[in-house]
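Novice: My structure is below; once you've seen it, I'll send some questions.
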Amino acid sequence: MRFRSSGEMPEAHFDLTPMVDVVLLLIIFFTLTAQFANTLKTPLELPTEKGAGKADTSEKAVVIDLTANGELRLDARPIDMMEFLQRMNHDIKNGDVELTVRADRTCPAQHLNALAAGLTQIGLRNWKLATASEGAS
């Protein structure tokens, strides 16, 4: 009987093609989902002032958009002022709410004042006004 006397072991080869495919699919997935998150925002020209920092993204955070013509938008869908105030009143009763108002810089102040008055009437006095950073266009 003759045995192989060579000391060489055959090397195992790994095919990295499936792993590269998975990584590329993950990159595409996360890129697309990040784009979908941005499409929920109404395109607005925010006031350019120094702000407090990044907006809160917790579950309690609510973002309302106030367009240049005074229209309110919640999740990029138009909403009536009274309906929005009723929703906020319901949310206030169920716990803390962190409201951020994104108002277009060309929106007349009367619309923002009306929103602020409505929020005060339902008992929400602490809310934030979103601004663009000073270097943003």
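Bear in mind that the values in this text are calculations on the coordinates, not laboratory data. Remember, predicted model here, so these are calculated numbers, not experimental data. Don't worry about glycine lacking a Cβ; one is built from the backbone with ideal geometry, like all the others, and counts go over all protein chains shown.
Novice: Can you order the peptides 15-21, 71-77, 119-125 by their average number of other Cβ atoms within 10 Å per residue, highest first?
Specialist: Output ranking for 15-21, 71-77, 119-125: 71-77, 119-125, 15-21.
Novice: Please list, ordered by chain and number, the residues whose modelled amide H lies under 5 Å from the amide H of residue 103; skip anything fewer than 5 residues away on the same chain.
Specialist: Under 5 Å from the amide H of residue 103 lie the amide H atoms of 66, 130, each far enough along the sequence or on another chain.
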